[in-house]
There are 2 protein chains.
Amino acid sequence: MSAGGFGRANLPYGIFRRAGEAPRVGVRFGDGVLDLAALAADGLLDDPGGTFAQPALNAFMARGPEAWAATRDRLGRLVSGVDAEPELIALADVELLLPFAVADYVDFWSSIHHAANSGRIFRPGAEPLPPNWRHMPIGYHGRSATVVAGGTPVRRPRGQSRPDRDAPPVFGPSAKLDVELELGFVIGTPSTIGEPVPVDGAAAHVFGVVLLNDWSARDIQAFESQPLGPFLGKSFATSISPWVTPMAALAPFRAAPLAPQEPAPPEYLREEPWALDVALEIELNGETIARTNARQLYWSVAQQIAHLTVNGASLRTGDLLGSGTISGPERAERGSLLELSWNGAEPLALAAGGERTFLEDGDEVVLRGIAGDGDAAVALGDVRGRVLEA
Amino acid sequence: MSAGGFGRANLPYGIFRRAGEAPRVGVRFGDGVLDLAALAADGLLDDPGGTFAQPALNAFMARGPEAWAATRDRLGRLVSGVDAEPELIALADVELLLPFAVADYVDFWSSIHHAANSGRIFRPGAEPLPPNWRHMPIGYHGRSATVVAGGTPVRRPRGQSRPDRDAPPVFGPSAKLDVELELGFVIGTPSTIGEPVPVDGAAAHVFGVVLLNDWSARDIQAFESQPLGPFLGKSFATSISPWVTPMAALAPFRAAPLAPQEPAPPEYLREEPWALDVALEIELNGETIARTNARQLYWSVAQQIAHLTVNGASLRTGDLLGSGTISGPERAERGSLLELSWNGAEPLALAAGGERTFLEDGDEVVLRGIAGDGDAAVALGDVRGRVLEA
């Protein structure tokens, strides 16, 4: 996968800090960072309210699509050197922080191959997809407090599991620590409680996209999840890209989803089907162990938003919507070790020698994503995380 | 149930607004409100950082147990007229707002009779409690954005359900809108990610207690919940008391839980069992339809916190922990219409005539709670809500 993708076509937003200075909004360009607070102070960027001097993107995101478009247009001119030659701070000289304060975090389950693999693994012999799956984008709320920026190490969680179904549960470090390769959509503009967001207007609420690693402790999750769903098996950490790629940068990569929606969804979810053509991969200790594409998502983020709000629930600036693990039909396209090793039954042979069922202490995982190629390429920010012992 | 309970023994905190004025922190005393921002401005209350002039309790809660105790002590002296005669604003002249900004909202399932009733209703013939129930306080994350102050009307949600298992799902207004009678515990001081909170130190993080109505659309919930748990069936609204009763006010009402913990929970959940002796009731259109007690909770809030953080997840100021529906063993002690009407099979006869299975448009529900009696009584703030048509 190309090291590029951070040219003028991308211009993702993040929060950075130089030693001894306050965190503020930056935009990545190549291997450098534009200091938006400084550009605004110099009169080179319009910034009513001082949103670029904040330690989170929320205030800027809340300004809405017109402000996003005007800023992006202005930044495009700046990096082209049309009006001025903006100073770039070397990426190596900054610390990247969590880019926005997470309001509600919802994790969906929108890749049909991932959902079907889960069914085959946990309910062998039964219909792989649950009866609701093709009628609505199934999801659940996750823990906002533990969403962290890529680069943050992740400690193996402890918890209760029941490896032997005929014996009492045991407490200890998770023996089935996993990754999940997802996209995360970041809500920019809020909606009103009691007023569902129509599917046609839903994408306009989305500010941008990150990669998301929904770290999962499969053994803890398996014992706790009936009947109220995942809780401690997921809540210890969720890592996202420190860079938020604007939806505008990904607009050229809208494409048909790879799986048709059959049966047609109910009226409130009906739209021209679309996905994003973003190539994705999981790297484990430097070796690519899975390659897939975001076109494997069956439900679009617009449908997720229309569903989330159809009961009157509201969106807030800073809501994070995970796509769910993205898997394709082939083994090498599976977005989790649960699927890659078939819950441990088929260990994954590593090129470097040895094998993996689930993550070991010291393992480093990197999620990567890129749309297009050459100068038009748009990369999502890497999500890196090393596993620390419990 | 006594109309009292708001004397010196209680002194609950809330956020109030008089017409044309900014929202700020108030304390209820009888039928009046003490304006804490005014008291601080007059030098009668210590308030470093101006936390009482804020539109949410979070800044005050973050100051921690010493500040809570000092403020409570000072307020107790003030309302006794020892040092001065503080002005009270009539309750009728103020608007009560959501008392704090909700960080993460977790809803537990900690009443054994409620959990067992759910099992008997939805999995008849099977063991009523799932295998994990007696080993850990089961819970899931809910939607923070839609937590509202009591008094806010609640619109009947629309969504997908499948009333006929052999037919496709249908979309429309929920036909099984329900209430859930719960306590809500409000986290005052945060914990650190990666550092579990020991059960013995857990209660010290709790600032106070509210009543909580976890409105539920049973038909939507039933179709969506497998395998990831409740989502739109719960996320449209959660109502809490506008008054947060300090944990200190409830300390005299600690009592043994009514059900013993068998088997003994794992080490990280082990403590001297305790609950709060708070009498609770659900009123429907002025008629009491259920009476129960918070001693019916099997798991304590300290155990819930120890469990929530044992995997390294952190608490934040403003986290809200719902207890789960509180039910006793008798029919009249059930904390939801799901249980009171046995999922519609046994309609509840109303004294005013007619009957109910689930809520009808225009119904008004009030949750009430009180500990002790006479001058020593401590009431939780009522949670009132009227159902609006979809």
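What is the mean number of Cβ atoms from other protein chains located within 10 Å of the Cβ atom of each residue in peptide B:230-240, rounded to a whole number?
Average per residue, whole number: 5.
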10 Å Cβ neighbours from other chains, averaged over peptide A:128-136: 5
Qualifying lysines (Cα of each under 18 Å from Cα of A:Lys176; at least 8 residues distant if same chain): A:Lys234
In range of the label at B:Trp274: residues from region B:219-256 whose backbone nitrogen is under 12 Å from the point 7 Å along Cα→Cβ: B:247-256
At 7 Å out from Cα toward Cβ: B:Glu355 inter-copy label distances (nm, ascending): 6.2
Exam field: A:Val170 pseudo-label spacings to other copies (7 Å along Cα-Cβ), nanometres: 5.0
Ranking by accessible area, most exposed first, for A:Glu360, B:Glu339 with a 1.4 Å probe: A:Glu360, B:Glu339
B:Ser241 long-range amide H proximity, modeled H, under 5 Å: B:Gly150, B:Leu211
More than 19 Å apart - percent of Cα-Cα pairs taken over region A:134-198: 62 percent
Where labels lie 7 Å past Cα in the beta-carbon direction, separation of A:Asp200 and A:Ala390 in nm: 5.3 nm
Positive-pole candidate from A:Asn285, A:Gln261, A:Pro230, dipole of region A:226-325, charges at beta carbon: A:Pro230
Nearest-first distances (nm) between copies at A:Gly50, label 7 Å from Cα via Cβ: 1.3
Nearest beta-carbon to the B/A symmetry axis - residue in chain B, distance in Å: B:Gly229, 1
Accessible surface, per residue, of region B:253-390 when the full set of protein chains is kept, probe 1.4 Å, Å²: 35 Å²
Sorted peptide list for B:22-32, A:209-219, criterion being average Cβ within 10 angstrom, highest first: A:209-219, B:22-32
Net dipole in debye of region A:158-291 [+1 Lys, Arg Cβ; -1 Asp, Glu Cβ; about Cα centre; nearest 20]: 360 debye
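Quick check for me: using +1 on Lys/Arg Cβ and -1 on Asp/Glu Cβ, what's the dipole size of region A:16-62 about its Cα centre, in debye to the nearest 20?
Dipole of region A:16-62, to the nearest 20 debye: 200 debye.
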Ranked packing of B:56-66, B:258-268, most packed first, by mean Cβ within 10 Å: B:56-66, B:258-268
Rounded to the nearest 10 Å², the accessible area of A:Arg120 at probe 1.4 Å: 120 Å²
Most positive-pole-ward Cα, B:Ile240, A:Gly125, B:His307, against dipole of the protein assembly as shown from beta carbon charges: A:Gly125
Nearest-10 value in Å² for the accessible area of B:Tyr105, using the 1.4 Å probe: 10 Å²
Shielding by other protein chains, A:183-195, mean Cβ within 10 Å: 1
Net charge dipole size for chain B [Lys, Arg +1 and Asp, Glu -1 on Cβ; Debye, nearest 20]: 640 debye
Part-to-part distance (alpha-carbon centres) for region B:349-390 and region B:42-107, which is given in Å: 27 Å
Heavy atoms of B:His113: accessible area, 1.4 Å probe, square angstrom to 10: 60 Å²
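The values are calculated or read from the model by the stated rules, or taken from the named source; none is laboratory data. Everything quoted here is computed from the prediction, not taken from an experiment. Cβ sites come from the backbone with ideal geometry, for glycine too, and all protein chains shown count toward neighbours. Heavy atoms of the whole protein, side chains included, go into the accessibility calculation; ligands, DNA and RNA do not. Shrake-Rupley method; radii C 1.70, N 1.55, O 1.52, S 1.80 Å.
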